[in-house]
1. Can we say THR176 is part of a strand (DSSP E or B) and either acidic (Asp, Glu) or without any contact (Cβ under 8 Å) to a residue 60 or more places away in the chain (or both)?
2. Mind checking which strands (runs of 3 or more DSSP E) fall wholly inside the range 1-51 and carry at least 3 residues that are under 17 Å from ILE146 (Cβ atoms), in contact (Cβ under 8 Å) with a residue 40 or more places away in the chain and out of contact with any Ser or Thr (no Cβ under 7 Å at 6 or more places or on another chain)?
3. Given the residues SER190, SER201, which is the only one that is in a loop (DSSP other than H, G, I, E, B) and among the hydroxyl-bearing types (Ser, Thr, Tyr)?
4. Out of the residues in the range 85-103 meeting the condition of being outside any loop (DSSP other than H, G, I, E, B) and touching a residue at least 40 places away in the same chain (Cβ under 8 Å), tell me which one is farthest from ILE142 (Cα to Cα).
5. For the range 52-98, how many residues meet the condition of being within 15 Å of LEU116 (Cα to Cα), of a type in the set (Ser, Thr, Tyr) and surrounded by fewer than 24 Cβ atoms within 10 Å (Cβ to Cβ)?
6. What tally of residues in the range 195-226 results from selecting those that are without any contact (Cβ under 8 Å) to a residue 60 or more places away in the chain, on the phi < 0 side of the Ramachandran plot, surrounded by fewer than 18 Cβ atoms within 10 Å (Cβ to Cβ) and of a type in the set (Gly, Ala, Ser)?
7. Inspect the range 146-169 for any residue being more than 23 Å from ILE19 (Cα to Cα), assigned to a strand (DSSP E or B) and either at pLDDT 95 or above or among the acidic types (Asp, Glu) (or both) and give the result as yes or no.
Amino acid sequence: MDLLNRRVVAHARTRHGEIQLAAVDSDGETNFELIFNGVHLMATYNAPSSRALTDVALSGIGTHRKHVELLIGGLGMGASLRQALERPEMETVRVVELEFRIVDWNRTHLGNADLLDDRRTEVVVGDFYEYVKGSPQHYHGIVIDIDNGPDWVVRPENRRVYSISMLQVLRTRLRTDGILAIWSHAVNRSYERALETVFGSVFKHMVQDVALNGKTLDSVIYEVHA
């Protein structure tokens with residue numbers, strides 16, 4: 001498998017750091033990788049775990065439920081958003097993304113214009129922590145996929161997203177029987193204890209993606225209920 005044909009297709013220096021989108025051609029297919037301050041954040045081949053993340057957040061929604069509202073922290077490559085919009089009961093998906101350039105790249109490079117133009121999609125460009133703290137909206141499900149999880153943040157300010165005080169706020173933002181789903185690159189026992197402190201029970205889902213070299217990429221999704 002030839003992984004040498006990697007090229008930067010978009011690049012920007014922002015007040016938050018340096019971001020770039022790289023394309024990798026392999027076996028007749030093009031995948032994209034998002035890098036922030038030199039750290040790999042995610043790629044289109046991470047779509048299975050991103051889709052699973054949305055499914056976990058919406059797993060408490062019965063077939064009878066209508067007008068579902070979901071909050072997503074981090075647009076990334078758009079896989080979580082796409083999975084949400086495939087649900088017929090979905091009314092609103094609010095996505096909070098720090099970098100407007102990532103929103104633009106989803107439209108121009110990643111083929112996600114249909115998601116962004118969907119009438120059910122609302123994109124908020126801003127800091128997820130500040131948005132949640134300042135907005136009292138309630139949701140049936142909340143998805144967090146920011147940096148690489150609670151113990152591998154690329155932007156120091158994002159540690160606030162995973163703090164106990166933020167978990168307490170997030171609990172108040174969930175509707176009755178609502179679910180918060182959080183992606184992490186690895187199991188984090190101390191974070192599990194923080195989740196237990198705020199929510200009581202914690203459910204853990206081990207998920208896998210496959211890198212272009214065939215290597216299995218293990219990660220975890222934490223599920224907690226209001």
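1. Details: part of a strand (DSSP E or B): yes; either acidic (Asp, Glu) or without any contact (Cβ under 8 Å) to a residue 60 or more places away in the chain (or both): yes.
Here the answer is yes, as THR176 does meet what is asked.
2. Result: 39-43.
3. After applying the criteria, what remains is SER201.
4. By that ranking, first place goes to ARG101.
5. Residues flagged as within 15 Å of LEU116 (Cα to Cα), of a type in the set (Ser, Thr, Tyr) and surrounded by fewer than 24 Cβ atoms within 10 Å (Cβ to Cβ) within the range 52-98 amount to 1.
6. Residues meeting the conditions: 1.
7. There is no residue in the range 146-169 that is more than 23 Å from ILE19 (Cα to Cα), assigned to a strand (DSSP E or B) and either at pLDDT 95 or above or among the acidic types (Asp, Glu) (or both).
Condition check ((1) under 20 Å from GLN208 (Cα atoms); (2) out of contact with any Leu (no Cβ under 8 Å at 6 or more places or on another chain); (3) among the hydroxyl-bearing types (Ser, Thr, Tyr)) across all residues:
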| site | (1), (2), (3) |
| --- | --- |
| GLU33 | yes, no, no |
| PHE36 | no, yes, no |
| SER50 | yes, yes, yes |
| VAL56 | yes, yes, no |
| GLY62 | no, yes, no |
| LEU70 | no, no, no |
| GLY73 | no, yes, no |
| ALA79 | yes, yes, no |
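The values are calculated or read from the model by the stated rules, or taken from the named source; none is laboratory data. Predicted, not measured: the structure shown is a model, and the values here were computed from it. We place every Cβ from the backbone using ideal geometry, glycine too, and count neighbours over all the protein chains shown.
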